[in-house]
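Written below as structure tokens is the structure these notes are about.
Every number here is computed from the coordinates shown, using simple stated rules; none is lab data. Keep in mind the model is a prediction, meaning the values are calculated, not measured. Note: ideal-geometry Cβ built from the backbone for every residue, glycine included; neighbour counts use all protein chains shown.
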Amino acid sequence: MAVKRDSRRLFALLTPGTVFLGIFFLGPLAVMVVFSFLEPGLYGGVEWNFYHWNYGRILGWADGEWEDFDPVYAEIFFRSVRLALTNVAITLLICYPAALWVSGLSARWRTFVVFIVTLPFFVSLVVRLFCWVLILRPSGFLSSTLLGLGLISEPIDIIYTETAVLIGMAYILLPFMFLPLYASIEKLDHSLVEASYDLGANPYQTFLRVILPSTLPGIAAGSVLVFIPSLGNFIVPDLLGGAKVLMIGNLVEQQFLSARNWPFGSALSVMIMLVMFLLIVIYLRRIGRSEIVR
Amino acid sequence: MRHPWLRRLLDFHGLLFLFFVYAPIIIVVVYSFNSHPVNMMVWKDFTFDWYLSIFGNPTKLNEQTLYVESTDQLLAAVKNSLLVASTTTAFSTIVGTATALAVYRHHFRLKPFYQGLLFMPMVMPDIVLGIALLVFFVNFGIKLGLFSIIIGHCTFLISYVFVVVSARLAGMDDTLEQASADLGANPWITFRRVTLPQILPGIVGGALLAFIISMDDLVITYFIAGVDSTTLPVFIYGMLRRGVKPEINAIATLMLVFSFVIASLGLYFRKRT
Amino acid sequence: MTGAAPEPIAEVREAVKRFPAPEGGVVTALDNISLEVQQGQFATLLGPSGCGKTTLLRTISGFEDLDSGEVRIGGIPVTGVPPYRRPVNTVFQNYALFPHLPVSGNVGYGLEVAGVQRSERDRRVGEALERVGLSGFHRRKPAQLSGGQQQRVALARAIINQPKLLLLDEPLSALDRNLRQSMQLELKSLQHDLGICFLFVTHDQEEALTMSDQVIVLNQGKIEQVGPPEVLYHRPATRFVAEFIGDGALFHGKIQNTDADPVLVTEDGLRIAVGTGPGVGDSATLIIRPEHLSIAPEDPDDSMGVLDAVLEQMVFKGATRQYVCRLANGAAISATPPEASEEAFIRVRPGEPVRLAYRRSKPHLIVETN
């Protein structure tokens with residue numbers, strides 16, 4: 001429709017969202033970035049001086065003067081990246097064959113299975129993690145069942161290990177991997193697979209040369225969507241990792257709710273955000289905007 | 001398929017997958033009816049007592065175990081959650097829909113900027129948004145409480161509504177609106193008689209999605225909730241941190257049922273054409 | 001034009017419309033176009049895709065604004081008048097039926113929006129549906145109709161408001177060939193009965209020739225020629241029109257005189273006899289239609305032109321046969337001789353030489369005077 005007549009309507013429709021997100025989304029992010037360059041006050045709070053050692057501290061130098069080099073925060077940061085990457089691999093290995101399986105079902109079953117796979121996604125995060133607390137505790141379901149069956153002689157203790165954290169994270173982020181994968185596998189032209197068989201390729205070759213390349217966008221989208229929330233997660237390590245498996249998210253939480261070093265917490269948060277931006281930019285460059293699947 | 005053994009292997013994996021997804025949930029539901037007072041995971045008898053006890057009814061079990069959490073606090077948390085969720089749903093549905101209509105029914109230069117702006121809150125890690133809002137509110141002297149929670153939820157729920165409604169708008173043929181104008185309907189009538197009926201399933205689906213995400217949000221609320229404005233997920237998280245108690249089974253089961261009902265409704269509306 | 005000429009129902013004056021091209025730069029969709037359509041006329045905008053015909057239609061219906069120039073409907077300028085206040089209606093290419101409304105809701109939409117009473121509306125919806133042959137389909141949803149039926153609903157919906165001008169944007173392009181041909185005739189008779197002016201957009205020259213009183217040929221945002229179908233076919237004004245409408249071989253060259261009869265000499269040296277008229281030295285294009293050609297008799301007279309060619313193949317087309325030949329310069333030329341003279345052709349085998357002949361006065365010559 002003609003541009004001139006519409007401009008007032010466009011303005012009216014656009015203003016509420018622009019104002020709200022401008023103030024309450026971009027605003028807070030900007031304030032956080034500013035805070036990450038301020039000097040922490042002695043008893044919480046901030047001094048309004050430019051201070052870049054918040055970032056130095058992440059790498060191991062707390063103030064560049066008195067404290068010794070100690071890369072404890074960098075270690076936590078890299079552990080978080082490692083766990084997030086492992087989680088991407090786990091969810092991919094679980095979801096890819098599952099998505100293949102669903103796409104091979106009859107149309108009615110397919111809709112139903114996609115529905116029931118999506119359903120737990122809507123269940124509260126705490127509830128879903130609580131399930132695993134119950135299962136993985138020493139007196140929990142897994143331990144008591146195995147004891148009852150006589151497979152083990154004393155309670156096993158999985159909770160408060162990296163394994164527990166990985167199980168919990170994979171569980172809560174499963175749909176983020178499954179849905180984009182399923183969407184791209186669903187889009188796959190089945191006659192390509194048939195053509196590959198027709199030309200003499202075996203299932204393994206067909207998968208490697210035809211199916212995998214054409215579902216790469218789904219793999220990329222799923223990986224980004226799983227990696228980002230894995231990296232900054234603090235609820236899962238808190239409930240299933242205890243104090244033993246600290247991730248960057250726990251560190252941020254501590255800075256804000258117990259250590260009261262807000263500038264350092266902000267700096268850590270900015271780091272998480274930068275990793276996210278980096279990933280999104282790489283993703284958009286390589287895969288393209290049209291493939292964004294929620 | 002030409003390779004039946006492959007098919008069978010996939011079937012097996014699929015069943016394992018569904019088992020992995022549903023077993024934990026089923027365990028919680030089943031054991032919420034277990035009357036064993038000491039070890040929750042050893043089955044004793046069927047009982048409704050945990051459900052009664054969370055609503056403050058005296059039962060034999062809590063005499064023995066004294067696991068009682070304050071029922072008043074729980075109910076207050078539920079009330080807060082419902083209040084926050086309904087307010088945020090109303091606001092973000094209206095703003096998200098308006099923005100989707102602006103972006104997907106008009107041509108303007110800043111369109112890619114808006115698509116990016118609306119995409120960002122959905123991929124922003126919860127913890128980043130949570131602490132950014134906390135710093136913002138405290139810095140500008142906005143009291144932490146229900147109001148700050150509502151604002152915080154709206155920042156990302158607008159995006160969810162936007163995405164769902166946009167998908168619907170993108171799937172809608174825009175010559176329908178031109179046909180309406182061509183037949184003499186002014187823009188308002190066209191919106192009411194053509195556009196709205198076409199995108200209504202998307203709006204309802206988006207609203208339900210917003211409602212359920214708001215009800216479930218833990219991380220962002222955790223940072224910006226005031227002392228006296230706890231929501232249900234934050235309340236349960238607090239309980240869990242202090243130790244696992246059988247009542248949580250019952251609360252979790254009730255929340256599961258609630259989420260399933262709303263999610264089913266939402267998916268139903270999103271699928272409907 | 002005489003003073004008694006009727007007021008044009010719609011008029012476009014010096015219309016210019018430019019769009020930013022996707023790959024940068026500017027596309028001129030309408031390049032200073034002026035035209036008028038008269039009361040009761042079946043007019044067609046014909047041109048290849050991207051020639052600006054749909055843009056022109058949309059500036060009349062009000063979905064596009066002109067950069068300069070103006071549109072008048074019923075003598076009144078409509079610049080800045082939104083689509084919903086213009087006395088024109090459109091049949092959209094994809095029909096644009098409202099999927100959530102039944103047939104009656106779709107057809108009655110314009111009346112309802114205008115505030116026409118329920119009883120009056122029902123009566124007129126019934127009439128309109130009867131007119132397009134869909135009585136009894138009131139309650140169906142668009143999704144339950146076939147393509148042809150949807151097309152009729154769209155038509156009924158557009159004529160119920162009794163517009164001064166009905167715009168049709170390639171409405172038949174989605175139908176299969178048989179249905180399209182019967183719809184062409186139906187549309188023509190509907191237009192005749194209603195007496196409304198139809199402005200029809202198509203890229204299909206056969207469709208344009210079948211239906212129209214007046215055809216407006218557009219190319220690259222400019223009008224190539226306006227006229228009745230017969231004129232466009234037999235006396236195309238430009239090379240573009242000659243190529244776009246009908247089959248035929250085109251020869252471009254300069255006119256030379258040998259022995260008093262003018263001859264067209266192409267750049268690659270082919271000499272083709274033409275009728276009288278052009279002056280020596282003019283650039284010209286000759287259009288030889290297949291039906292102009294037959295096998296040359298033993299002793300062709302002066303009124304005939306002769307072309308030496310080789311028969312390549314015979315194509316059976318049902319009612320006619322087409323003989324595809326190749327000339328000495330490598331150009332292909334087709335002949336569809338009348339049945340009486342076909343016997344001569346049948347004796348020729350593919351690969352054998354053949355002498356083609358035509359009446360000099362028949363092929364049209366476009367002269368571009370220098």
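Here are the numbers:
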{"item": "Qualifying lysines (Cα of each under 24 Å from Cα of residue A:187; at least 8 residues distant if same chain)", "result": "B:271"}
{"item": "Helix-only mean residue ellipticity at 222 nm for chain B, each DSSP H run of n ≥ 4 adding -39500 (n - 2.57), per residue, nearest 500", "result": "-24500 deg cm²/dmol"}
{"item": "Residue pairs, from the table C:53/C:317; C:53/C:141; C:17/C:53, whose Cα atoms sit over 21 Å apart", "result": "C:53/C:317; C:53/C:141"}
{"item": "Tilt relative to chain B, helix B:4-31 - C-alpha long axis, 0 to 90 degrees, to 10", "result": "60"}
{"item": "Label-to-label distance, nm, for residues given as residue C:27 and residue B:265 (7 Å Cα→Cβ offset)", "result": "4.7"}
{"item": "Expected-Rg normalisation [2.2 N^0.38 Å, Cα atoms] applied to the protein assembly as shown", "result": "1.27"}
{"item": "Sites residue C:298 and residue C:238 - FRET efficiency at Förster radius 41 Å, r taken between beta-carbons, to 0.05", "result": "0.60"}
{"item": "Kirkwood hydrodynamic radius of region C:151-302, Cα pairs, Å", "result": "18.5"}
{"item": "Gyration tensor verdict on region B:71-242 (Cα atoms; rounded if a/c is under 1.5, prolate if a/b is larger than b/c, oblate otherwise)", "result": "prolate"}
{"item": "Computed lengthening from residue B:79 to residue B:227, 0.36 nm per intervening residue step minus Cα-Cα distance", "result": "51.8 nm"}
{"item": "Centroid-to-centroid separation of region C:6-28 and region A:102-118 [C-alpha atoms, Å]", "result": "51"}
{"item": "Residue with peak Gaussian network fluctuation, chain B [Cα springs, cutoff 10 Å], from B:97, B:175, B:190", "result": "B:175"}
{"item": "Signed unit charges on C-beta, dipole axis of chain C, positive-most listed residue C:77, C:304, C:163", "result": "C:163"}
{"item": "Gap separating the Cα centres of region B:193-241 and region C:317-370, nearest whole Å", "result": "78"}
{"item": "Over chain C: helical MRE at 222 nm, DSSP H runs n ≥ 4 each giving -39500 (n - 2.57), nearest 500", "result": "-6500 deg cm²/dmol"}
{"item": "Computed E for residue A:139/residue B:122 - FRET, C-beta separation, R0 45 angstrom, nearest 0.05", "result": "0.70"}
{"item": "Those residues of region C:50-79 whose amide nitrogen sits under 11 Å from the label point placed on residue B:111, 7 Å along Cα→Cβ", "result": "none"}
{"item": "Chain A: calculated mean residue ellipticity at 222 nm from DSSP helix runs of at least 4, using -39500 (n - 2.57)", "result": "-21000 deg cm²/dmol"}
{"item": "Whether chain A is rounded, prolate or oblate, judged on the alpha carbon gyration tensor where a/c under 1.5 counts as rounded", "result": "oblate"}
{"item": "Label-point separation, residue A:162 to residue B:94 (7 Å along Cα→Cβ), nm", "result": "5.1"}
{"item": "Listed residues A:89, A:170, A:267, most fluctuating in chain A (Gaussian network, C-alpha, under 10 Å)", "result": "A:89"}
{"item": "J(HN,Hα) series, region B:97-111, from Karplus relation 6.51 cos²θ - 1.76 cosθ + 1.60, nearest Hz, glycine and proline x", "result": "5, 4, 5, 4, 4, 5, 6, 9, 10, 9, 9, 8, 5, 7, 3"}
{"item": "Taking A:24, B:162, B:19 and counting other C-beta atoms within 10 Å, the order from fewest to most", "result": "B:19, A:24, B:162"}
{"item": "Label-reachable residues, region C:282-300, where backbone N falls under 19 Å from a point 7 Å from residue C:359's Cα toward its Cβ", "result": "C:286-300"}
{"item": "For region A:158-216 and region B:133-160, distance of Cα centres in Å", "result": "38"}
{"item": "Of all DSSP beta bridges in the protein assembly as shown, antiparallel share, percent nearest 5", "result": "80"}
{"item": "Sites residue C:306 and residue A:214, calculated FRET efficiency, Cβ-Cβ separation with R0 60 Å, nearest 0.05", "result": "0.50"}
{"item": "Ranked B:136, A:20, criterion: other C-beta atoms within 10 Å, fewest first", "result": "A:20, B:136"}
{"item": "Charge dipole (chain B, unit charges on Cβ, about Cα centre) - positive-most of B:127, B:137, B:255", "result": "B:127"}
{"item": "At least 27 Å along the helix axis (C-alpha) and Kyte average at least 1.0, DSSP helices within chain A", "result": "A:72-103, A:162-187, A:262-287"}
{"item": "Ranking of A:204, B:51 by count of other Cβ atoms within 10 Å, fewest first", "result": "A:204, B:51"}
{"item": "Set of lysines with alpha-carbon distance to residue C:254 below 29 Å, sequence-local pairs under 8 removed", "result": "C:222, C:362"}
{"item": "Straight-distance crosslink candidates among aspartates and glutamates, where the alpha carbon sits under 17 Å from residue A:244 and sequence neighbours closer than 8 are dropped", "result": "A:75, A:157, A:162, A:253"}
{"item": "Lys, Arg +1 and Asp, Glu -1 on Cβ, resulting dipole of the protein assembly as shown about Cα centre, debye, nearest 20", "result": "2100"}
{"item": "Cα shape, region A:1-138, gyration tensor, a/c 1.5 rule", "result": "oblate"}
